[in-house]
Structure formats: structure tokens, C-alpha cells
Amino acid sequence: MLPSYRNLYGIVSLCISVLIFTPVQAYEKLSDETLSSLPRPNSDFDIHNGALLSPILQTRVPGTPGSTAVLNHFADFFQTTLPKWNVEVHNSTSKTPKSKGKDVPFRNFIATRDPPWAQVGDVGRLTLVAHYDSKIEPEGFIGAIDSAAPCAMIMHAMRSIDAALDKKWTALQQQGLDEFVEEVEGIQVIFLDGEEAFAEWTDTDSLYGARALATHWEDQFYPATSEFKTPLSSISMFVLLDLLGAQSPSIMSYYETTHWAYQNLGELEKRFKSLKQFKATSKDPWFIDTEKDVHNLTPSGGVLDDHVPFLARGVEILHLIDFAPFKGFPKVWHTIDDDGEHLDMDTVEDWSMLVTAFAAEWMELEGYFDHPKAASARRDEEHAASEAIRLNKKTEL
Ligand SMILES: [Zn+2]
């Protein structure tokens, strides 16, 4: 991410004019009971030997063995824990200011899960994104908030909703309701390579993986009869997590067209806190713009990050980055102190719960989680009945 706060206002206004006509995404709130019983990461976030986070906490400069090890960790995780997901690696190469004229490989990791009846090109996808590469300097830099922890948060969130997704999609198919679903929605994870600059941040020395992927997806066309034209246009929202894992984060809302989703995250934060489901005890709000009117957002344009090549192509962006003009980036940012020991683990865990809940609300999974308190959980028939009513309403609209 760029060390200074630059103005992207021009690009933003251009994109807003394109995006303002995008249809509103369905979104259904979770009950208090579900919010309180979502799975927690527990020891899997242990920084020394936890299954999810610790393998990412190593140097992982593009093209090095550390990078390959982390890529393999992602592949193993999806293969063993989320075998129904479709996994691919997007490869590109580029010279860098430090590569002495040689090409460096950049490998983006992409995992996707669509409803079983969905045709390629007819499914929109909530897309959760973080970069997994680490900065080449200072030597030994780990990048725990930047962005090992965000990768682990997304992994935890996806494994936490996977069974509920299965249950919902199976129920829809069994009831013959699948063909009535108007907005076919899947979910996608992208772990990008090469976000960091090798020397000074410039347009060409930064965002290597993101630039290559946005270009590739822009040029890859689905069949002409498809709902969406390209993999790029099938991204319902590009939710980018970066610099998360320090205490008391401050997250701004940058884009008018995704402010509604930002506000839902702000509401989830409040509900988690009032249900005493957050471990971090700071009273300061994380989503500092939640109360702001959509037309009253700070016209700052945002922080340059992996979303930029996608934003420039009209993709809806929600940028979750710990930054505010009054405090800057987290203290450890781009220093050798950005390691596992300096993470605020309560905050990291809370983030993983928040991302889980947001994804579950987006995918409309209320009623499809197995509660430990099964007595009050909705029964399968009730799911189907309420789903039928909901779909009917949508059709009428
Ligand atoms: Zn960075």
C-alpha cells in the first residue's frame, strides 16, 4: 500500500457514475442467536503453531521459497477443509527494480464456490481479497497485519460458512426453488501476490498481481448469452482487507455505492459488541463513518491498494483498511515490528468473526447454521417455506 494518502477523486467519480446503476444486492441480517454461535478460530490463530495463521507468518517475497510455501498452505487448506471449492493459480511475470532485468513470477491464488446449478457466466460473486506477499525490505519483514492476518481471517470466515452454504443450496434444489433464484450468488477468495513495491511505490512498481489479474479478467469473455460478460463483471463486490490486526482500528467508508455494505459491517460491529461477542474491549468504533449519510462521505478518494486496477474497470469496492487522516496507518506499518508478536490477537479474532458474519449475511444464510442450542433453530421445512415466500416477493418485484 502506498505510504502517502493520494487523491483518486477523478477515478472514483468516474466509476461512481458507472456503478450507480448497479442493481442492489440482496442481504439478510443474521439473528442474535446465530451471531452468538458462529465458530471462533481459537487455537488455529496461534502465531507459533496455529493451523491457519502461523504458516503465513514467514517472509514471502514473490518468487521465493517462502512465497511458494504460503501458496501451498492455501492450496492444502482448500483441498482438505473446503474440497468443494474450485481452486486456481493465476500466473504472470514482470521485471522489478530489484530483479536485474530478470522476470519475477507473481502467483495469485483464487478459490471460488458457486451454487451447484449455476452456469459459468451466470453467477455473481462476493469477492474477499487480501495480498499474501511480504515486502522485500526491511530484511526479515513478516507483514503480519500486511496482510498475513487478513488472509487468515478470510480463511476462517470461509470455512465457517461453508456447511451453511451447502445446506441452503441443497434445500433450494430439493424444493425445486433453484430455478426461481433471480440473483445467483457465489463466493470467491483472492489472495494476491506482488502488492508491495520493491523499491519506491510507483504505478509500475506495485500491485503486480492485481494489475495482471484485472487485465486478464477484463479480456476473458463468457458465452454471449451469459448474465455477465467477464469474470470482472461477475464480481458483485470486491472487499479488500489490508493492514488489519492492530488494536482499535479505524475504517473509513470511501465509496458511495458500497456505503450500504460498509454500514452493515458497522452495525455488525455494534451487535457483536452488545452481545459481548467481541474479545477486544476498546469502546471506540471501528467503522467510524457508519452514521454518515451516503452523500456526506469524505471526498478523499482513498488509499492506493490492490483494488485500484479493479476500481478503474468499474468494479464495486469496499476497502477495509486501518487508516484515518487523524492517525495514519497502524504504528508497526512497514517496520520490522510488523510480526506475529505485535498483532493484537483479540482484534484479529474479532475481525474474523466480523468477516464471517458479513459473508453469511451477504449469502443470506440465516437459518442454515447448526446451532449448539438446536431447540430454537429453524427447521428445514421452515427454511424452505420462508425461502419460497422471499423468492416469490422478489419475482413480484
Ligand atoms: Zn505493505
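Structural remarks
- Nearest 10 degrees, 0 to 90: helix 259-274 Cα axis against the chain principal axis: 80
- DSSP bridge pairs, the chain: antiparallel proportion in percent, nearest 5: 45
- Angle between the chain longest axis and helix 208-218 axis [Cα atoms, degrees, rounded to 10]: 40
- Peptides 192-204, 324-336, 141-153 ranked from most to least packed, by the mean per-residue count of other Cβ atoms within 10 Å: 141-153, 192-204, 324-336.
- Within a Gaussian network of the chain (alpha carbon springs, distance under 10 Å), most fluctuating of Ser37, Ser352, Ser250: Ser37
- Placing R0 at 45 angstrom, the Cβ-Cβ distance between Asp103 and Glu256 gives a FRET efficiency of 0.70 after rounding to 0.05.
- For Leu265, Leu243, order by how many other beta-carbon atoms lie within 10 Å, fewest first: Leu265, Leu243
- Taken along its principal axes, the alpha carbon cloud of the stretch 96-191 reaches lengths of 59, 27, 14 Å, longest axis first.
- If you bin all the Cα-Cα distances of the chain at 20 Å, starting from zero, the percentages per bin are 28, 61, 11, 0.
- Three-way shape call for the stretch 219-270 based on the alpha-carbon gyration tensor, with the a/c threshold at 1.5: prolate
- Which of Met158, Met345, Met252 has the fewest Cβ neighbours within 10 Å, and the rest in rising order: Met345, Met252, Met158
- Efficiency of FRET between Ala69 and Lys270 - r from beta-carbon atoms, R0 45 angstrom, step 0.05: 0.70
- Rel. contact order, % - alpha carbon contacts under 8 angstrom, at least six apart, the stretch 9-396: 25
- The angle between the Cα long axis of helix 149-174 and the main principal axis of the chain comes to about 20°, on a 0 to 90 degree scale.
Read-outs: derived from the displayed coordinates by stated rules, not from any lab. Treat the numbers as computed from the prediction; the structure is a model and nothing was measured. Glycine also receives a Cβ, built like all others from the backbone with ideal geometry; neighbour counts cover every protein chain displayed.
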